[in-house]
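See below for the structure under consideration.
Please treat every number below as a calculation from the coordinates, not as lab data. Being a predicted model, the structure only gives us computed values, none of them experimental. All Cβ positions, glycine included, derive from the backbone under ideal geometry; neighbour counts span all protein chains shown.
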Amino acid sequence: MLEIRDLEVGYGDIQALFGVSFMVEEGSIMAVLGPNGAGKSTLLKTISGLLRPKAGEILFEGKPLTGLHPYDIAELGIAHVPEGRRVFPSLTVEENLIVGSVAKRARQHRAASMAEVYELFPRLKERRTQGAGSLSGGEQQMLAIGRAMMLRPRLLILDEPSLGLAPILVENVFEKIREIRQKGITMLLVEQNAAVCLATTQEGCVLEQGRIVVRGTREQLLDSRLVQEAYLGV
């Protein structure tokens, strides 16, 4: 579904990604692990059109994304849940969800999408008239994911969904991610919590200093000495 070919991205003279290549199969969850500063968020922002690559290709269902505006990429069915949640604190929960459905592909399905989001996250329904800024961190993460689901995405990109959450909330968020996959939605997941991430994904890679250093199935990653020592504490 998504193919990254020899991607090179930089900020001015500072290069952030060096020849990154991988594929995300339809219906799967692909994980990208790595430390802070490895280039993970840069990768996702480039896929979403927020950054332009210096070289390489990004293909979605065989069609190039390079050069498209972020709203054009959203119209193709690619939704991005950014690091740090980025909900609109002065808007209510329901107003935040409505913002997620402004794309042409999503407007006519707004009512059905909202019902599906409230079924997936009952807590959001309970707080639908509450200001998003007053929600807990876990609730805001649910809202950020719910807002992305309002696009009715074919590919859901998640950037550090466990960031800043207590362990019990992390498990709850990943339980919801597994439920979303059961709906047939393909996901690209950036995460530092390797243990919970690898329990959820089918394949993945490790990005360090802008380069992929390990790539394979979940089992291959779990067997990797680098992953065991650097990310699983073995």
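Assorted remarks:
- Summed residue charge, Cβ within 11 Å of LEU120's Cβ, Lys/Arg positive, Asp/Glu negative: 0
- Intensity falloff of region 1-91 expressed as log10 I(q)/I(0), Debye formula with alpha-carbon point scatterers, at q = 0.13, 0.18 Å⁻¹: -0.45, -0.85
- GNM result for the chain, Cα springs below 10 Å: residue of ALA132, ALA16, ALA115 fluctuating most strongly: ALA115
- Sequence-separation-based contact order of the chain, relative, with Cα cut under 8 Å and 6+ spacing, percent: 27 percent
- Label positions at ASP6 and GLN182, each projected 7 Å from the Cα along the C-beta direction, are separated by 4.3 nm.
- Each of GLU75, GLU160 was scored by other Cβ atoms within 10 Å of its Cβ. Listed from fewest to most, they are GLU75, GLU160.
- FRET efficiency estimate (nearest 0.05) - Cβ-Cβ, ARG105 to THR66, R0 30 angstrom: 0.90
- Cα gyration tensor of region 46-170 - equivalent ellipsoid semi-axes, whole Å, descending: 26, 17, 12
- Rg/Rh, computed from the Cα trace of the chain with Rh as the Kirkwood radius, has the value 0.96.
- Charge dipole (Cα centre; +1 on Lys/Arg Cβ, -1 on Asp/Glu Cβ; no other charges) of the chain amounts to roughly 660 debye.
- Distant alpha-carbon pairs in region 85-153 (separation over 16 angstrom), percent: 35 percent
- Among TYR71, TYR231, sorting on how many other beta-carbon atoms sit within 10 Å of each Cβ, with the fewest leading, yields TYR71, TYR231.
- Each helix, a run of at least 4 DSSP H residues, gives -39500 (n - 2.57); summed and divided by the residues of the chain, these come to -10000 deg cm²/dmol at 222 nm.
- Alpha-carbon centroid distance for the pair region 156-234 / region 46-71, whole angstrom: 23 Å
- Neighbour counts of C-beta atoms inside 10 Å place HIS80, HIS109 in the sequence HIS109, HIS80, starting with the fewest.
- The stretch between GLU171 and GLN220, if pulled fully straight at 0.36 nm per residue, gains 15.3 nm over its current Cα-Cα span.
- Take every Cα pair under 8 Å whose residues are at least 6 apart in sequence, average their separation, divide by the length of region 136-196, and the relative contact order is 44 percent.
- Most mobile of MET23, MET150, MET187 in a GNM of the chain (Cα contacts under 10 Å): MET23
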